[in-house]
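Chemist: Take a look at this one; I'll ask things after.
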Amino acid sequence: MRQGGRPSAAHLEVVSRPRAVMPGDRPEPPASLRDRPAAEWREIVARMPPKWFERESWPLLEALCVATIEMKDYDQEISRYKGVPKNEKAFRRYKALFGMRALSGDGCAVLDQASAVAPIAV
């Protein structure tokens, strides 16, 4: 039996209509990002639902994109070595690259969680 009158707020919450995707639902990267971090921004934003990133999260997303590119650059430098170098100078550089890569990876993990890109483990 149908109840007369206006639908309740509770009913409207349950029976919600999908919203149209409007321009701006997927924010463009800020002008301060260069080519590779800007491309990373677009890739991340494209993988998430529309309106996932509110304006307040953009600085964290920007930092995540920069850190991700830095991490990829460290990985590329490390991959040039064929195993652990025997030369002391080369070994110091290799060790420094691994240290910077670890810090960059830790930063990416923190920024992933803070910007709500990665799911939070329960």
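All of the numbers you see were taken from the coordinates with simple rules; none came from a lab. This one's a predicted model, so the numbers in the text were calculated from it and none came from an experiment. With ideal geometry, Cβ positions are generated from the backbone for all residues, glycine too; neighbour counts draw on all protein chains shown.
Chemist: With r defined as the distance between the Cβ atoms of residue 48 and residue 78 and R0 fixed at 30 Å, what FRET efficiency is calculated, to the nearest 0.05?
Modeler: 0.55
Chemist: When a/c reaches 1.5 or more, the comparison of a/b and b/c decides; with that in mind, is segment 31-114 rounded, prolate or oblate per its Cα gyration tensor?
Modeler: Here segment 31-114 falls in the prolate category.
Chemist: Can you count the Lys pairs in segment 31-114 whose Cα atoms are under 23 Å apart, with each pair 8 or more apart or on different chains?
Modeler: Close lysine pairs found across segment 31-114: 5.
Chemist: Starting at the first residue of segment 81-94, write each ³J(HN,Hα) from the Karplus equation 6.51 cos²θ - 1.76 cosθ + 1.60 with θ = phi - 60°, in whole Hz, x for Gly and Pro.
Modeler: Values, residue by residue: 7, 9, x, 6, x, 8, 5, 4, 5, 5, 5, 4, 5, 4 Hz.
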